[in-house]
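Contents: one structure, followed by commentary.
The values are calculated or read from the model by the stated rules, or taken from the named source; none is laboratory data. Treat the numbers as computed from the prediction; the structure is a model and nothing was measured. Here Cβ is always computed from backbone atoms with ideal geometry, including for glycine, and neighbour counts include all displayed protein chains.
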Amino acid sequence: MSPNPYLRAEGSKERLIRSLSKRCVFCGRIPDSKTVEHVVPKWLPRMAEAEGDFVQFAPLFRDGNFEGDPTLIRWSSFQFPACKRCNEGSAAAEARASSIFKNLVSGRLVNGLEISHLLSWFDKLRVGLWLGVQRINQNPQGVVPNFYINSRVGRDDRLLAVYRLADASLPRLQIGGVGATSFHFSPVAMWMKFDDVVFVSISHLGICANALGFPEFTNRKLINSLLGLFGGRLLPGTGSLPEGAFAFLGLPGSPTLLSQAMVHRWIHSARHLFTHHEAAISRGMPYGSSRIRADWPGGDFAVLEPNHKQFLTPVQRGISGHILPMVSDFCLGLQLATLREAVLSLEADPHELALAHNSLGAASRHHRHLLEARRRAKAAGWSVYF
Ligand SMILES: [Zn+2]
């Protein structure tokens with residue numbers, strides 16, 4: 001098994017960790033010609049009229065305790081190194097994303113291909129926040145990234161849950177789920193509130209495969225933690241779209257769900273597992289990705305045509321602001337569940353588990369997911385620290 005390419009380039013884990021703050025958030029190299037990337041792009045706080053606002057991150061979490069006060073930082077200062085070429089390469093995607101985003105939140109027409117671009121933008125935001133928050137918090141867990149933005153966008157299945165709150169409340173722009181230690185290890189879920197719309201961005205290997213009838217990975221195990229490589233059995237695609245496909249996630253409330261299966265990593269070796277159904281569900285979309293499945297509150301769902309403009313506003317109104325703590329708990333629960341999946345199939349590192357549990361306990365104000373996580377952890381024979 002070849003080692004983590006970023007480690008191979010640098011020679012040692014310690015050296016890599018020390019140099020992380022200088023590395024390009026897109027490609028992980030030390031930039032030749034340095035620019036800065038606003039991980040939360042400037043257009044977003046501008047659109048939310050929140051440019052002057054501060055964002056608050058959890059205080060430094062070390063050895064089971066929080067140290068000091070939370071870090072306050074202006075959106076405009078939340079920037080990290082990037083190569084000039086990488087930064088320029090993302091400009092077109094940002095411009096496209098801002099226009100799609102604006103249409104979606106204001107209830108205008110959007111098409112399936114645009115939603116695919118928007119899911120890529122959320123991949124970029126989630127990974128950028130993961131790298132950025134690690135750096136702001138001085139990476140106390142010593143996490144070595146095995147991907148950067150460029151290598152992670154569009155790699156694994158992704159899903160966006162969209163809620164519309166009964167009232168717009170302040171702050172107009174808010175991001176959550178990214179400060180927890182479990183996010184440092186497992187950046188699979190985060191949320192963002194923009195005015196009265198709340199987005200939950202989720203991405204994980206194979207999480208949408210069943211919903212879109214794509215080949216599904218079962219009995220999977222993490223076989224290399226440095227590379228984040230999973231092994232397992234790949235079942236042939238069915239081409240069928242089951243009802244209520246995302247009930248297993250246990251998302252709170254009744255969001256609109258926009259989901260997409262990705263097959264980049266498998267398609268060459270596993271072409272025989274794909275039927276004409278999956279080809280049909282992929283037609284017109286970027287290579288390696290399915291069309292978008294949209295599930296509306298109430299159980300209706302459809303596969304969106306790539307270029308057919310449609311309303312995606314059945315984002316249910318009337319959900320109270322109380323959804324935010326529940327969404328936050330959901331993100332932490334999913335982070336822990338995927339972390340658990342990873343560590344149980346390796347020999348678990350108790351230090352890392354303790355940190356993840358502690359973080360979940362400290363960050364969680366509502367206890368449903370916390371209690372469930374504790375119950376599962378105990379059942380799995382872990383020492384429970386929260
Ligand atoms: Zn770069």
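Just to be sure, is Ala168 assigned to a helix (DSSP H, G or I), more than 16 Å from the ligand (Cβ to nearest atom), at negative phi and more than 10 Å from the chain's Cα centre (by Cα)? Step through it out loud before you land on a result.
Numbers: assigned to a helix (DSSP H, G or I): no; more than 16 Å from the ligand (Cβ to nearest atom): yes; at negative phi: yes; more than 10 Å from the chain's Cα centre (by Cα): yes.
No.
Among the residues of segment 208-224, those identified as modelled with pLDDT of 85 or more, in contact with a Ser or Thr (Cβ under 8 Å, 6 or more places away or on another chain) and aliphatic (A, V, I, L, M) are Ala211, Leu212. The set of residues in segment 263-318 being within 22 Å of the chain's Cα centre (by Cα), farther than 20 Å from Arg108 by Cβ, of a type outside the set (Ser, Thr, Tyr) and modelled with pLDDT under 90 consists of Val263, His264, Arg265, Trp266, Met285, Pro286, Gly288. Among the residues of segment 22-38, the one identified as charged (D, E, K, R) and near the ligand (Cβ under 7 Å from one of its atoms) is Arg29.
Note on segment 39-108: enclosed strands (runs of 3 or more DSSP E) holding 1 or more residues that are over 19 Å from Gly177 (Cβ atoms), within 16 Å of the ligand (Cβ to nearest atom) and modelled with pLDDT of 85 or more are 79-83. For Val143, the test of being within 20 Å of Ala50 (Cα to Cα) and outside any strand (DSSP E or B) is failed.
Which ones in segment 288-311 are touching a residue at least 24 places away in the same chain (Cβ under 8 Å) and small (Gly, Ala, Ser)? Gly288, Ser289, Ser290, Ala294, Gly298, Gly299 - these are the residues of segment 288-311 that are touching a residue at least 24 places away in the same chain (Cβ under 8 Å) and small (Gly, Ala, Ser).
Could you check, for segment 1-11, whether at least one of its residues is modelled with pLDDT under 85, within 30 Å of Asp196 (Cβ to Cβ) and away from the ligand (no atom under 16 Å from the Cβ)? No, segment 1-11 contains no residue that is modelled with pLDDT under 85, within 30 Å of Asp196 (Cβ to Cβ) and away from the ligand (no atom under 16 Å from the Cβ).
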